[in-house]
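The values are calculated or read from the model by the stated rules, or taken from the named source; none is laboratory data. Predicted model, so just to flag it, every value in this text is computed and none were measured. For neighbour counting, all protein chains shown are included, and Cβ atoms are generated from backbone atoms with ideal geometry for every residue, glycine included.
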Amino acid sequence: MADPIAIRMGGYGPPTTGFSRALKRIGDQLQAEFGSGVEIKYVWNIMDLGYRAEDILWLVEHGLLTLGYQSSSYLTDRVPELGIVDLPFLFVRMQSARAAMDGALGDVLARKIEERVNFRVLGWFENGFRHISNRLREVRAPAHLAGQRIRVLPSKVQARTFELLGAVPMPMDLTQAIAMITAGTIDAQENPLSNTVTYGVHKFHRFHTLSNHFYVSRPIFLHRASFDGWPADLRRAMQ
């Protein structure tokens, strides 16, 4: 009997998040269809093992994990075209953002990722509209951001956006951001509300502004060689 195909899925949040639950749903469906032919394992939060959140990229690219996800902004240095979806106020409504990322725009960006990175892209998780939180004061106008040190994703477009608003953008990985927010060594951050709560930022930031300034998605990617080497029926099921 052939050994089962090992599929290791990973992320950077607790098992209760929507992203972790989505991985579990994928795994459950594969297990139901292929039974003992697959062996599904999960690493819900690589940060619990001492990795940085951004490490999910190389862990999948080098095959230590089979499948992962990460905000598209983390790939803009290698796939500059992804910077277009870092533009502020690109989408007004959730419906139009979803239609774009599930449609032609998402398809083009997925192909660009596959051209530059050792991934097969399955699709996109919705990370959603992002909002500003800070420990200093209410933010009701750009002037209220003046001088605030704000953590942003590693994206030149996002950093420049907050620079133009008068803030001091500090691009950094989530792992470092959580530590600095906890210590009070940065003033502000921007994230979907679900992330702000998941990572405990709301315990340290009193002020929250529903700004909807960016809409960011997370590509779901597989180690290319692993995926390409699977039987056709397993590839179809994963897609």
Looking at the structure I just gave you, is residue 66 assigned by TED's automatic domain parsing to the domain that holds residue 121, more than 29 Å from residue 159 (Cα to Cα), in contact with a helix residue (DSSP H, G or I) (Cβ under 6 Å, 6 or more places away or on another chain) and buried (at least 19 other Cβ atoms within 10 Å of the Cβ)?
yes
Which of (1) of a type outside the set (S, T, N, Q); (2) in the same structural domain as residue 13 (by TED's automatic domain parsing); (3) within 18 Å of the chain's Cα centre (by Cα) does residue 115 not meet, given it meets every other one?
(3)
Quick one: which residue in 39, 33 is charged (D, E, K, R), out of contact with any strand residue (DSSP E or B) (no Cβ under 7 Å at 6 or more places or on another chain), farther than 25 Å from residue 190 by Cα and surrounded by fewer than 19 Cβ atoms within 10 Å (Cβ to Cβ)?
33
Testing residue 51 on (1) under 30 Å from residue 2 (Cβ atoms); (2) part of a loop (DSSP other than H, G, I, E, B); (3) not hydrophobic (A, V, I, L, M, F, W, C), one condition comes back false. Which one is that?
(1)
Exactly one condition in (1) assigned to a helix (DSSP H, G or I); (2) surrounded by fewer than 17 Cβ atoms within 10 Å (Cβ to Cβ); (3) of a type in the set (Gly, Ala, Ser) is false for residue 27; which is it?
(2)
Scan region 109-132 for residues that are of a type outside the set (D, E, K, R), in contact with a helix residue (DSSP H, G or I) (Cβ under 8 Å, 6 or more places away or on another chain) and more than 19 Å from residue 12 (Cβ to Cβ) and jot them down.
109, 118, 129, 131, 132
Please count how many residues of region 120-162 are buried (at least 18 other Cβ atoms within 10 Å of the Cβ) and more than 22 Å from the chain's Cα centre (by Cα).
4
Go through the residues of region 68-85 one by one and say whether even a single one is among the hydrophobic types (A, V, I, L, M, F, W, C) and at pLDDT below 95.
no
Does region 88-105 contain any residue that is crowded, with 20+ Cβ neighbours inside 10 Å and in contact with a Lys or Arg (Cβ under 9 Å, 6 or more places away or on another chain)?
no
Evaluate the following for residue 43: is it in contact (Cβ under 8 Å) with a residue 12 or more places away in the chain, among the β-branched types (Val, Ile, Thr), over 25 Å from residue 172 (Cα atoms) and assigned by TED's automatic domain parsing to the domain that holds residue 225?
no
For the structure I just gave you, tell me whether residue 165 is in contact with a helix residue (DSSP H, G or I) (Cβ under 6 Å, 6 or more places away or on another chain), surrounded by 18 or more Cβ atoms within 10 Å (Cβ to Cβ) and modelled with pLDDT of 95 or more.
yes
Within region 91-204, which strands (runs of 3 or more DSSP E) (wholly inside it) include 1 or more residues that are in contact with a Gly (Cβ under 9 Å, 6 or more places away or on another chain)?
119-129, 168-171
In this structure, does residue 61 turn out to be surrounded by fewer than 22 Cβ atoms within 10 Å (Cβ to Cβ) and within 22 Å of residue 212 (Cβ to Cβ)?
no
